[in-house]
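The values are calculated or read from the model by the stated rules, or taken from the named source; none is laboratory data. A quick note: this is a predicted structure, and the numbers were derived from the prediction, not measured. Here the Cβ is made from the backbone with ideal geometry for all residues, glycine too, and neighbour counts use every protein chain on show. These area figures cover heavy atoms from the full protein model, side chains too; ligands, DNA and RNA do not enter into them. Shrake-Rupley method; radii C 1.70, N 1.55, O 1.52, S 1.80 Å.
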Amino acid sequence: MSQSLPLDQLVAACHWIGAKGWAPATGGNMSVRRDEHVCLLSESGKDKGTLTRDDFIEVDIATSQSLSGRKPSAETGLHTMIYRLFPEAGAVLHTHTVNATVLSRVEQGAALLLHGYEMQKSLSGQHTHLDTLAIPVFDNSQDIAALASEIEDYAARFPLRYGFLLRGHGLTCWGRDVSEARRHLEGLEFLFECERQRRLLERA
Ligand SMILES: CSC[C@@H](O)[C@@H](O)C(=O)COP(=O)(O)O
Ligand SMILES: [Zn+2]
């Protein structure tokens, strides 16, 4: 996989996400950075589990504008915000899983706190289950420009790593490359599943 082009790696990641059921009914969007100025973003409204290279659209990172006139994701502004904030980010994955959707609604606070899980170490730079990992939860909005600027403001005041949740909507996460973004997605989704199960069992 490390030998293939980043876009081919992203297409493979989309198929994997589709097979997992993490992008149902056209939900989700994915992108990869081409260079400092441009990223390739999934076209709006498509089934993300069956995308091909031709379904990715060049987008200007500074302006969020499509370079071809074709319509990239409705959530383009969140991807470009991440590429602007984190020059080292090489790929962004947004999914609509049941765990992320439900937990982000049940959690009333501003962050989902994860503690005590060995799988926290699936996230780059995490070395112990004893740390508390905070995944911020932002209220969902259809005003993506406003949401992007809210998240940008948050990142100016607090550390923002790996990803964030949108309440009742899903997870957006990233990594230095497609492989790291995939690992972060799989690790976070595993932790969300554990956390949902823990909350259910502890209520019983
Ligand atoms: C199935 S509706 C979901 C959309 O509103 C959105 O949240 C989403 O993730 C996909 O939008 P898209 O424009 O296809 O990238
Ligand atoms: Zn979405």
Could you state the orientation-averaged shadow area of the convex hull built on the Cα atoms of the range 126-204, in nm² to one decimal?
6.6
Dipole moment magnitude, nearest 20 debye, the chain about Cα centre, only Lys, Arg, Asp, Glu C-beta charged:
380
At 1.4 Å probe size, put 203, 70 in order of accessible surface, largest to smallest.
203, 70
Could you tell me which of 194, 165, 49 has its Cα farthest along the dipole of the range 2-201 towards the positive end, charges placed at Cβ (Lys, Arg +1; Asp, Glu -1), taken about the Cα centre?
194
Ordering 14, 194 from largest to smallest accessible area (1.4 angstrom probe), what's the sequence?
194, 14
Would you kindly find the accessible area of residue 117, with a 1.4 Å probe and non-protein molecules such as ligands, DNA and RNA excluded, rounding to the nearest 10 Å²?
40
Can you give the three extents of the C-alpha atoms in the range 1-50 along their principal axes, from longest to shortest, in whole Å?
31, 23, 12
Using just the C-alpha positions of the chain as equal point scatterers, what log10 of I(q)/I(0) does the Debye formula give at each q in 0.08 1/Å?
-0.24
Using the Karplus curve 6.51 cos²θ - 1.76 cosθ + 1.60 with θ = phi - 60°, work out ³J(HN,Hα) for each residue of the range 126-133 in order, rounded to whole Hz, and write x for Gly and Pro.
9, 10, 8, 6, 7, 6, 9, 9
Full extension between residue 154 and residue 201 adds, at 0.36 nm per residue less the Cα distance, a length in nm of 13.6 nm
To the nearest 10 degrees, how steep is helix 6-20 against the longest Cα principal axis of the chain, on a 0 to 90 scale?
50
Given a 1.4 Å probe and the protein chains all in place, what does the accessible area of residue 86 round to, in Å² to the nearest 10?
30
Using the per-residue mean of other Cβ atoms lying within 10 Å as a proxy for protection, in what order, highest first, do the peptides 90-103, 127-140, 37-50, 176-189 fall?
90-103, 176-189, 37-50, 127-140
So what's the back-of-envelope 222 nm ellipticity for the chain, counting only DSSP H runs of four-plus at -39500 (n - 2.57) apiece and dividing by all residues, rounded to 500?
-12000 deg cm²/dmol
Cα-Cα pairs of the range 74-189 separated by more than 21 Å (percent)
32
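With all protein chains present, how much of the accessible area of the chain (probe radius 1.4 Å) comes from carbon and sulfur, to the nearest whole percent?
Details: 5130 of 9750 Å².
That share works out to 53 percent.
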Please compute the length gained on full extension between residue 179 and residue 7, using 0.36 nm multiplied by the number of residues separating them and subtracting their Cα-Cα distance.
60.8 nm
Between the modelled labels at residue 19 and residue 132 (7 Å from Cα along Cα→Cβ) the distance in nm is 3.8
Within-13-Å neighbourhood charge of residue 154 [Cβ basis; K, R +1; D, E -1]
-2
Rounding to the nearest 10 and keeping the result within 0 to 90°, find how far the Cα-based axis of helix 76-85 lies from the longest principal axis of the chain.
80
Under the 7 Å Cα-to-Cβ spin-label approximation, residue 88 and residue 60 lie apart by a distance in nanometres of 2.9
For Cα pairs less than 8 Å apart in space and 6+ apart in sequence, what is the mean separation divided by the residue count of the range 58-204, i.e. the relative contact order in percent?
29
